[in-house]
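Undergrad: Next up is a structure, given as structure tokens.
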Amino acid sequence: MRRTGLKHQRLSRKPQGVHKASVPRGHWPNRQNARDLTSVLDEVLCSEARYADRPIHWPGALSSKVAKARKIAVIKRLRRYGKKFKAAAELAEVLDGCRRGHRCRSASCPECFRAWQGWIVNQTIKVACQDTYPHLKVLAVSIAIAGCQRPSGQLDSLNVPKLSRRARRVLAASKAVEWAILGLDLSLNDERQLGRGRHWQPQLFGFVATSNPKALRSAMKSAFRPRPGVTKPSWMKEYDGSPLTASYAFKADAVLRISYFDSDRTHPCTNTRKVRLPAPAHVEYLLFQDQLKFFGRLVLFKIRKSWRADGLNLEVAKMRPLKARNGRK
Ligand SMILES: [Zn+2]
């Protein structure tokens, strides 16, 4: 497992206490500015209420009790690998310091991730289900980007900002997207039985509002073409407004997808089954997720933040007036 750049980061991290967010109103933090990102995260995770059971509400959502138990299991696993990888031992200490009123805010912490997931799911539903522009269709969209696969053991070399920029360029070029909220989803694809290797496959899953689904579909098809291992690079269907679907875009875990040759059928073909990540890959994923941080996994298009009495909110940045968009009134 190759781990670069994590050592310094881990050494400078300590669990932090809850304090008031210091981001000035009307200012959207720069992705490169770690202090700003920390402050925005403070705003999301500053309330212990987000860690409670009440705000999380969809079938299969983790309870606070299960999240706590998972955190203990994650710490145990990280400590075991910490004997070999210092970064894992250091992350285990950060997670171990996470407790009520003194949260670690690591994206690898099941308790903190659960609190953040509850916030982002609620924000996404609020944006997607607003009825200000009823002519828009909100679609659930999935994009598997073929050129960005990373070999197992080299996940830390995945260039997420580059991947985000590419996705935003395609959305902008389609001229059919009013806003988009996408989350990065990773899976470890094992295609050794098909004569290929084992690699991490990044995928973007999320929600796009469009007045022209046909133009969007066509732009996606020409930008993301099928390649070996990615036979269906993009798909979309109408979003049903459910928190369960929204939660899928911002899930904490990755899976191992094993592709195999299915000879039971009349026409032999390849099939895939999903299983849990093996322990070394899970540790690699946890370290990467911690490094990427919560907002690093989001791709926002024409979405901005707004500060209100109830805290940080996501909202549509700007929308052309109906008359200008239709161009005929
Ligand atoms: Zn935590």
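Readers should treat all values here as calculations from the given coordinates under stated rules, not as data from a laboratory. Just so you know, these numbers come straight off a predicted model, no measurement behind them. Here the Cβ is made from the backbone with ideal geometry for all residues, glycine too, and neighbour counts use every protein chain on show.
Undergrad: Given 37 °C and 0.692 mPa s, compute D for segment 93-211 with the Stokes-Einstein relation, Rh being the Kirkwood radius over Cα pairs; round to the nearest whole µm²/s.
TA: For the chosen part, D equals 194 µm²/s.
Undergrad: Counting only C-alpha contacts under 8 Å and six or more residues apart, can you give the relative contact order of segment 166-227 as a whole percent?
TA: 40
Undergrad: With labels modelled as points extended 7 Å from the Cα through the Cβ direction, what inter-label distance (nm, one decimal) is found for Ser64 paired with Ser218?
TA: With each label point 7 Å from Cα toward Cβ, the separation is 5.2 nm.
Undergrad: First measure r as the distance between the Cβ atoms of Arg196 and Asp53, then evaluate 1/(1 + (r/R0)^6) with R0 = 30 Å and state the FRET efficiency to the nearest 0.05.
TA: That gives a FRET efficiency of 0.10.
Undergrad: Let me ask another. For the residues Met236, Met220, what sequence is obtained by ranking on other C-beta atoms within 10 Å, fewest first?
TA: Met236, Met220
Undergrad: Report the per residue volume, in Å³, of the convex hull enclosing the C-alpha atoms of segment 125-275.
TA: In segment 125-275, the Cα convex hull volume per residue is 136 Å³.
Undergrad: Can you give the FRET efficiency to the nearest 0.05 for Gln130 and Lys83, using r as the Cβ-Cβ distance and R₀ = 51 Å?
TA: Using R0 = 51 Å, I get an efficiency of 0.50.
Undergrad: So which of Lys137/Lys237; Lys251/Lys274; Lys175/Lys232 end up more than 19 Å apart, counting from Cα to Cα?
TA: Lys175/Lys232
Undergrad: How would you rank Thr272, Thr132, Thr210, going from fewest to most other Cβ atoms within 10 Å of each one's own Cβ?
TA: So the ranking, lowest neighbour count to highest, is Thr132, Thr272, Thr210.
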